[in-house]
Ligand code: ADP
Ligand code: MG
């Protein structure tokens with residue numbers, strides 16, 4: 001379970017998160033939507049401690065993420081993250097990219113790491129690309145490679161930060177399909193996304209962020225058909 005309590009985050013004088021409360025249960029998929037600059041990415045960065053926080057807490061499986069003694073490497077193994085831009089190593093094959101962290105961070109023997117990597121590449125539909133270099137892959141394939149790399153750590157949670165925003169429109173679907181597959185398999189996910197179809201069809205709950213606050217959260221049926229907040233309705237009218 002991920003528990004965010006009264007989370008405040010400032011960048012200097014800029015108050016970016018103004019008291020966020022969010023609990024994500026195991027197996028749940030939460031999509032986070034909202035205008036650019038509303039603090040969506042910052043929330044994800046605070047959850048896996050890529051950014052320090054100013055107030056409040058983030059607790060993952062009972063562990064206080066921002067406490068001094070917390071084993072940050074152990075924590076990050078639980079929290080897979082996929083960014084907007086693919087970030088694979090260009091000089092390594094797809095298999096080597098996925099096997100790298102299991103070998104180095106988890107200390108798996110080479111054979112085991114390679115088997116795990118091949119299985120995860122299969123999982124995301126790249127079973128025929130094991131020896132391909134990232135430059136030979138399409139943007140959609142590169143994002144699926146990034147997902148396979150995250151999965152190779154056998155995380156309990158996946159955080160997606162606009163995983164499809166940098167892609168050509170015709171490549172978005174294959175990445176969303178992969179995310180949908182993970183959701184169906186029961187992965188707990190927080191997905192910052194501009195894909196309203198995905199948010200509506202795949203999420204258990206949708207959170208609307210507005211100016212550093214979680215203005216509204218609820219099942220897709222509420223957010224998309226029956227939003228309580230005027231700002232939620234205005235935002236959705238603009239993006240649909
Ligand atoms: P979103 O993902 O919703 O577009 P972000 O979380 O990226 O929004 O950013 C929220 C606000 O925080 C924006 O005003 C952004 O410019 C600012 N911000 C984000 N990261 C930093 C940073 N490292 N330093 C200073 N300001 C930042
Ligand atoms: Mg962002």
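Quick one: how many residues across region 122-160 are under 21 Å from residue 26 (Cβ atoms) and either touching a strand residue (DSSP E or B) at 6+ places or on another chain (Cβ under 8 Å) or surrounded by fewer than 17 Cβ atoms within 10 Å (Cβ to Cβ) (or both)?
Of the residues in region 122-160, the ones under 21 Å from residue 26 (Cβ atoms) are 123, 147, 150-160.
Adding the requirement that they be either touching a strand residue (DSSP E or B) at 6+ places or on another chain (Cβ under 8 Å) or surrounded by fewer than 17 Cβ atoms within 10 Å (Cβ to Cβ) (or both) leaves 147, 150-151, 153-160.
Total meeting the criteria: 11.
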The listed residue being in contact (Cβ under 8 Å) with a residue 12 or more places away in the chain and at positive phi, out of 76, 49
49
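Among the residues of region 24-43, is any under 21 Å from residue 165 (Cα atoms) and surrounded by fewer than 14 Cβ atoms within 10 Å (Cβ to Cβ)?
Filtering region 24-43 for residues under 21 Å from residue 165 (Cα atoms) gives 29-43.
With the extra rule that they be surrounded by fewer than 14 Cβ atoms within 10 Å (Cβ to Cβ), the set shrinks to 36-37.
Checking region 24-43: at least one residue is under 21 Å from residue 165 (Cα atoms) and surrounded by fewer than 14 Cβ atoms within 10 Å (Cβ to Cβ).
Could you tell me how many of the residues in region 8-39 are over 23 Å from residue 179 (Cβ atoms), more than 16 Å from ligand 2 (Cβ to nearest atom) and either in contact with a strand residue (DSSP E or B) (Cβ under 9 Å, 6 or more places away or on another chain) or touching a residue at least 40 places away in the same chain (Cβ under 8 Å) (or both)?
6
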If you go through region 1-39, how many residues are more than 9 Å from ligand 1 (Cβ to nearest atom) and under 17 Å from residue 82 (Cα atoms)?
4
Taking residue 42 and the conditions (1) touching a strand residue (DSSP E or B) at 6+ places or on another chain (Cβ under 9 Å); (2) under 30 Å from residue 15 (Cβ atoms); (3) more than 16 Å from ligand 1 (Cβ to nearest atom), which numbered condition does it fall short on, given that it satisfies the others?
(3)
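No lab work stands behind these numbers, since they all come straight from the coordinates. As the structure is a prediction and not an experimental result, all values here were calculated from the model. Quick reminder, even Gly has a Cβ in these numbers, built from the backbone with ideal geometry, and neighbours come from all protein chains shown.
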